[in-house]
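To keep things clear, I will list the structure first and then write my remarks on it.
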Amino acid sequence: MGSQLLIAATIREQGRRKSWVAYRMGISPSYLTRLLNGERPWLPYLRERIARVLAVPESVLFPASNCDSTDTNSPVEGAANGGLEVM
């Protein structure tokens, strides 16, 4: 299950309204809808906020297997040495 579906399901299971979740996150309801529809990336600060608002660990909502290019915590292979392989 993708992160967007998991988050939407969690919101429903908790009996929350998307507008309430968006308010608690400090974003507009339309922006939350765009996030849930995959039209906007889940930036790290948004991941932290949704996890805090829903009281669910971020690692549960965003499993490592679903990380995308917006994850600034993932290492880039070869970045430490300028992309050159050290022999």
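Here the residues 20, 42, ranked from fewest to most Cβ neighbours within 10 Å of their Cβ, fall in the order 20, 42. With a simple spin-label model that places each label point 7 Å from the Cα along the Cα-to-Cβ direction, the separation between residue 58 and residue 39 comes to 2.6 nm. Phi angles across the range 30-38 convert, under the Karplus curve 6.51 cos²θ - 1.76 cosθ + 1.60 with θ = phi - 60°, into 3J(HN,Hα) values of 5, 5, 4, 4, 5, 4, 5, 8, x Hz, Gly and Pro given as x. Placing +1 on each Lys and Arg Cβ and -1 on each Asp and Glu Cβ, with no other charges, gives the range 3-66 a dipole about its Cα centre of roughly 220 debye.
Could you line up 24, 49 from fewest to most neighbouring Cβ atoms inside 10 Å? Before the final figure, lay out each step's value.
Numbers: 24 14, 49 18.
Fewest-to-most Cβ neighbours within 10 Å comes out as 24, 49.
Applying the Kirkwood pairwise sum to the alpha-carbon positions of the range 3-66 produces a hydrodynamic radius of 11.5 angstrom.
Counted by neighbouring Cβ atoms within 10 Å, the residues 60, 53 run from fewest to most as 60, 53.
Every read-out reported here was derived from the displayed coordinates using simple, explicitly stated rules and does not represent laboratory data. Computed from a predicted model, the values in this text were never measured in an experiment. Using ideal geometry, Cβ is built from the backbone for each residue, glycine included, and neighbour counts are taken over all protein chains shown.
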